[in-house]
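Derivation of every value follows stated rules applied to the coordinates shown; laboratory data play no part. Please read all numbers here as calculations on a predicted model, not as lab measurements. Counting neighbours? That spans all protein chains shown, and the Cβs are built from the backbone with ideal geometry, glycine included.
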Amino acid sequence: MPGLDEFDNRRDPDKRESMWLQLARYSQLAVIFPAATVVGLLIGVGLDRWLHTTWLYLAGLIVGIAAGFVELIRSVVKNAD
Amino acid sequence: MPEQLWVTAILNRLFAAPVTALLRAIHMEPRHPQAPIPNTFAMEVLVFLFLLALFLMLRSRLSVERPGALQHIFEGAQGFIHQQSQEIIGHHSEGYTPFLATLGFFILFCNLIGLIPGFESPTALPIVPLGCALCAFFYYHVQGFKHSGVAYLKHFAGPMPILAPLMIPIEIVSHLARALSLTIRLFANMFAGDMVTWVFFSLVPIGIPIIFLGLHIGVSFLQTYIFILLTTVYLAGAVGEEH
């Protein structure tokens, strides 16, 4: 099994990110998913009130969850590059 | 009357009437017409005045031959932000450094002011981090439009035109979620820092709270760094060359 140093050396040394940069990036992952879900739900509830409908909150919630996944996968893929 | 810090009381004594009149002019009724300025706003004004005074003093003392300690500190901080934005955004990042540095210093001093007895951190209430996050949010979108014009809207449509109706709402929500996540992270960390110090202060008033005040200083710097870093990452997404 490759050691941590060996794993690190495989990357281009110029592109290696500092520990703090990684910490900041990964701390984002914990918050972005619930945040997207809540934003989606809030937009849905807002649209429901505005348009006098009763189902848009569910659509908003689903879009929010999808957005959370998109953002999550996007940042993980970017970090894995 | 709400509980007021001494700075808030002074501001309210001086400006209560015009502020209440201004709020009523835009059809907002303040909860306490005698004291419309909350502690949070008073602390923000204090941080603003402090930063203004600090930078005016720094400006008058700038020296190429014999830079003072203060100049060294701020040149170091500015250089750090500049280097980091260059690393993330690319070679055309110079124009964004002033905004990032200003936002960083404002958030840092808002976080740290709570350590001084008689003051409180404005960032421990959600409204101030929300303001900062919205500043960052609008700034990176405006810069995105400046950089690529109307073509910036293509970012929201996703990689394939056929997926655009699905991707546009998802992208809008995910961009708004960025603003919310910036807000919540800063607010929650500063609020938790204040609470932990307060709880331990009420349990053991001597010695132990100092440890938590130290922790609060660390968290203040770390959260400022994360806020600025994420703003830089979002800026890079909006103005980056790879898109």
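Please say if the protein assembly as shown is rounded, prolate or oblate, where rounded means a/c under 1.5 for a ≥ b ≥ c the square roots of the C-alpha gyration tensor eigenvalues, and otherwise the choice is prolate for a/b larger than b/c and oblate otherwise? Working shown, then result.
Values: a/c = 1.57, a/b = 1.16, b/c = 1.35.
Here the protein assembly as shown falls in the oblate category.
Let me make sure I get this right: for the range B:105-243, a, b and c are the square roots of the gyration tensor eigenvalues over alpha carbons, sorted descending. Under 1.5 in a/c it's rounded, otherwise prolate if a/b > b/c, else oblate. Which is it?
prolate
Would you calculate a helix-derived [θ] at 222 nm for the protein assembly as shown, using -39,500 (n - 2.57) for each DSSP H run of n ≥ 4 and dividing by the full residue count, to the nearest 500?
One gets -25500 deg cm²/dmol as the mean residue ellipticity at 222 nm.
Only Cα pairs within less than 10 Å get springs; with that Gaussian network setup on chain B, which residue of B:Ser174, B:Ser220, B:Ser93 has the largest fluctuation?
Maximum among the listed residues: B:Ser174.
Taking chain B as the reference, fit the longest principal axis to its C-alpha atoms, fit the long axis of helix B:164-203 to the helix C-alpha atoms, and give the angle between the two in degrees, 0 to 90, nearest 10.
Approximately 20 degrees, to the nearest ten.
Once you list every other residue whose beta carbon is under 15 Å from the beta carbon of B:Leu182, what net charge do they have if Lys and Arg are +1 and Asp and Glu are -1? All intermediate terms of the calculation are to be shown ahead of the outcome.
Working: positive: A:Arg25, B:Arg178, B:Arg185; negative: A:Glu71.
Local net charge: +2.
Net charge within 15 Å of B:Phe201 by Cβ-Cβ distance, Lys/Arg positive one each and Asp/Glu negative one each, not counting B:Phe201 itself?
-2
How big is the charge dipole of the protein assembly as shown about its Cα centre, in debye rounded to the nearest 20, if each Lys and Arg gets +1 on its Cβ and each Asp and Glu gets -1 on its Cβ?
Numbers: 18 positive and 21 negative charges, 124 e Å.
It comes to approximately 600 debye.
Show me B:46-52, B:95-101 ranked by packing, highest mean number of other Cβ atoms within 10 Å first. Provide the component values of the computation, followed by the final result.
Working: B:46-52: 14.9, B:95-101: 18.4.
In decreasing order of mean packing, B:46-52, B:95-101 become B:95-101, B:46-52.
Counting only other residues whose beta carbon sits under 13 Å from that of A:Gln28, what net charge do I get with K and R as +1, D and E as -1?
+4
What do you get for GluC sites (Glu not before Pro) in the range B:1-95 restricted to DSSP loop and a cutoff of at most 12 other Cβ within 10 Å of the site's Cβ?
Sparse-neighbourhood loop GluC sites (Glu not before Pro): B:Glu3, B:Glu65.
Taking the Cα centre as origin and putting +1 on Lys and Arg beta-carbons and -1 on Asp and Glu beta-carbons, what dipole magnitude results for chain B, to the nearest 20 debye?
It works out to roughly 380 debye.
Taking only Cα atoms, what is the 0 to 90° angle, nearest 10, from helix B:69-88's long axis to the longest principal axis of chain B?
The helix B:69-88 is inclined about 30 degrees to chain B.
Could you tell me how many degrees, from 0 to 90 and to the nearest 10, lie between the Cα long axis of helix B:39-60 and the main elongation axis, the longest principal axis, of the Cα atoms of chain B?
Its long axis makes an angle of about 80 degrees.
Scan chain B and report its longest stretch carrying no trypsin sites (Lys or Arg not before Pro) that are both in a DSSP loop and have at most 12 other Cβ atoms within 10 Å.
Values: sites that count: B:Arg31, B:Arg61.
Value returned for the longest uninterrupted segment is B:62-243.
In the protein assembly as shown, if the dipole is taken from +1 on Lys/Arg beta carbons and -1 on Asp/Glu beta carbons about the Cα centre, which of B:Phe221, B:Ala25, B:Leu70 is farthest to the positive end?
B:Ala25
Can you find, among B:Gly144, B:Ala124, B:Phe48, the residue sitting farthest towards the positive end of the charge dipole of the range B:40-239, where Lys and Arg contribute +1 and Asp and Glu -1 at Cβ?
Farthest towards the positive pole: B:Gly144.
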